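Trainee: This is the structure I want to talk about, given as structure tokens.
The values are calculated or read from the model by the stated rules, or taken from the named source; none is laboratory data. None of the values given here were measured: they were computed from a predicted structure. Because the Cβ atoms are built from the backbone with ideal geometry, glycine has one as well, and the counts that use them run over all protein chains shown. Just so you know, the surface numbers come from the protein's heavy atoms only, side chains and all, with ligands and any DNA or RNA stripped out. Shrake-Rupley method; radii C 1.70, N 1.55, O 1.52, S 1.80 Å.
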Amino acid sequence: ILTMTERLRYLFHKHLARTLTAAERTELNVLVLDEGNDAAITDLLNKAWDGSESEGVSREARKALLEKIQAPVVSIRPGKRWIPWVAAAACVAGLLVIGLVLFNNAKQSGQHPVAFTEPDVSAPQSSKARIVMSNGQSVSIDSLSAVTDGLVTVTKDASGNIVYSGSDNELRYNTLVNPRGSPVATTRLADGTQVWLNAGSSIRYFASNAGRERRVEVSGEAYFEVAKDKMRPFIVSKGHTAVTVLGTHFNVNAYDDDPSLNVTLLEGAVRVDHRTAGENIPASVVIRPGEQVTVSNANSRMSVNKKVNIDEVMAWKNGLFGFNRTDLKTVMRQLTRWYDVQVEYKGKIPSLSFGGEMERTLKLSQVLKLLEQSEVHFRIEPLPAGGQKIIVTP
């Protein structure tokens, strides 16, 4: 039987080799959060950092690694010299966010730990998703076996994916609703297109292959791998914005409470059209892989970002929270959707950004403890009508 330190060392080296399973990664996160392991983890990071030099990593590369990780955490008060060191070591170790907790900044600066007055909030386990059929019938995904809509049959495969089969000459539409606090839902549409739907999202889509086009309406966030069909364009719309493709992979982030709508292309090519209220002719732009179109919800201005962090955009589909100079309120919006909680800000909250990745299997308390290594504090309180709320204070 391995001791705690031996187990930590074992998981750490598996992480460096990129062979950790999802369960092992979560276990490593929990061990890192344990203050009793600070000395052992510091020793592991020291050796990893020293080893990067002995293994011939150039000074320029080491400096670039340091700057890459140090940059995401801003508004750090002067004098905290441990931040660059931990960031650099964490970069070599591949730990990113995890590395920021190793010196227990809460203990050094007198911060209070995350407080809980109710049981912790676990990551979503069972699906709350449901399909609303064309006749208005609502079917829970968990209880779905086989249901028909016209001549189309809707089933669920062994992996829990929703599958459409059969054909119908009548154009029908279904709606897949995946509420807050529900795992990512997946479906294969009638044309073979694969769709992943994030928590707090919904899509209205064709349930048959009738019609000259394939039209989908999205609210929230969805990732599409579109089946090729040159005769029938695939169109994803949200309000006055439409994305037109023939066959490609792309992500649409269109939450109503976000400051902008974002379309990110991974493969192929898409055209994004946006019509400002009162205008008849939409503005159009074609983007290539690795590019992103942003439409501001405040002024409808459309812009193109040609240098997108794809890992951050696709983190949710890959079971991660991914941050890259991400501001606090954006981080908290992701947490409220995933854990189905509310958030309240009290006092003057400092301007902070965060970088790194965390497993979405972590409990809410573990995520907050990682975030609390900056200049912000959290506590979880029960709501009178049920559910829980995160209180954010400086």
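Trainee: What do you reckon, how do Ile349, Ile380 stack up by accessible area (1.4 Å probe), largest on top?
Mentor: My answer, sorted largest first, is Ile349, Ile380.
Trainee: Leaving out ligands, DNA and RNA, and with a 1.4 Å probe, what % of the accessible surface on the range 178-224 is carbon or sulfur?
Mentor: 38
Trainee: Let me ask something else. When the Kirkwood radius is taken over all Cα pairs of the range 111-264, what Stokes-Einstein diffusion coefficient follows at 4 °C and 1.567 mPa s, in µm²/s?
Mentor: Answer from the Stokes-Einstein relation: 79 µm²/s.
Trainee: Additional query: Based on alpha-carbon positions alone, could you give the equivalent ellipsoid semi-axes of the range 166-242 from the gyration tensor, as √(5λ), descending, whole Å?
Mentor: Computed over the range 166-242, the values are 21, 13, 11 Å.
Trainee: Kirkwood Rh, the range 144-210, all Cα pairs: how many Å? Display every interim value, and only then the final one.
Mentor: Numbers: mean 1/r = 0.0820 Å⁻¹.
Answer for the range 144-210: a Kirkwood hydrodynamic radius of 12.2 Å.
Trainee: Determine, from the Cβ-Cβ distance of Gln342 and Leu151 and an R0 of 35 Å, the FRET efficiency 1/(1 + (r/R0)^6), rounded to the nearest 0.05.
Mentor: 0.20
Trainee: From the Cα trace of the range 265-310, what convex hull volume per residue do you get, rounded to a whole Å³?
Mentor: Cα-based convex hull of the range 265-310, divided per residue, equals 64 Å³.
Trainee: Got the relative contact order for the range 188-273 handy, in percent, Cα pairs under 8 Å and 6 or more residues apart? List each step's numbers first, then the result.
Mentor: On the way: 194 pairs, mean separation 20.4, N = 86.
Contact order relative to length: 24 percent.
Trainee: Quote the convex hull volume per residue of the range 246-327, based on C-alpha atoms, as a whole number of Å³.
Mentor: Considering the Cα atoms of the range 246-327, their hull volume per residue is 107 Å³.
Trainee: Under the rule of at least 5 residues apart or a separate chain, name every residue whose amide H is placed under 5 Å from the amide H of Arg360.
Mentor: Leu320, Phe321
Trainee: Now a separate question. If I stretch the segment between Asp258 and Glu381 completely, what's the gain in nm (0.36 nm per residue apart, minus their alpha carbon distance), one decimal?
Mentor: Full extension from Asp258 to Glu381 adds 41.8 nm.
Trainee: Note down the magnitude of the dipole of the range 236-332 about its Cα centre, charges +1 on Lys and Arg C-beta and -1 on Asp and Glu C-beta and zero elsewhere, to the nearest 20 debye.
Mentor: Around 200 debye, computed over the range 236-332.
Trainee: Skip the ligands, DNA and RNA, and give the accessible area per residue of the range 219-336 with a 1.4 Å probe, whole Å².
Mentor: On a per-residue basis, 47 Å².
Trainee: Just for the Cα atoms in the range 294-346, what are the lengths along the principal axes, largest first, rounded to whole Å?
Mentor: Extents along the principal axes, in whole Å: 32, 29, 17.
Trainee: Using a cut-off of 11 Å between beta-carbons, work out the net charge of the residues near Ser127 (Lys and Arg +1, Asp and Glu -1, Ser127 not included).
Mentor: Numbers: positive: Lys128, Arg130, Lys156; negative: Asp142.
Combined, the nearby Lys, Arg, Asp and Glu give +2.
Trainee: Rank these by accessible area, largest first, 1.4 Å probe: Arg212, Arg7.
Mentor: Largest accessible area first, the list is Arg212, Arg7.
Trainee: Also, quick follow-up: Tell me the Kirkwood hydrodynamic radius of the range 217-359 in angstroms, computed as one over the mean inverse distance between distinct C-alpha pairs.
Mentor: 16.3
Trainee: Based on the inverse mean of 1/r over its pairs of different Cα atoms, what is the Kirkwood hydrodynamic radius of the range 340-394, in Å?
Mentor: Value: 12.3 Å, from the Cα pair sum.
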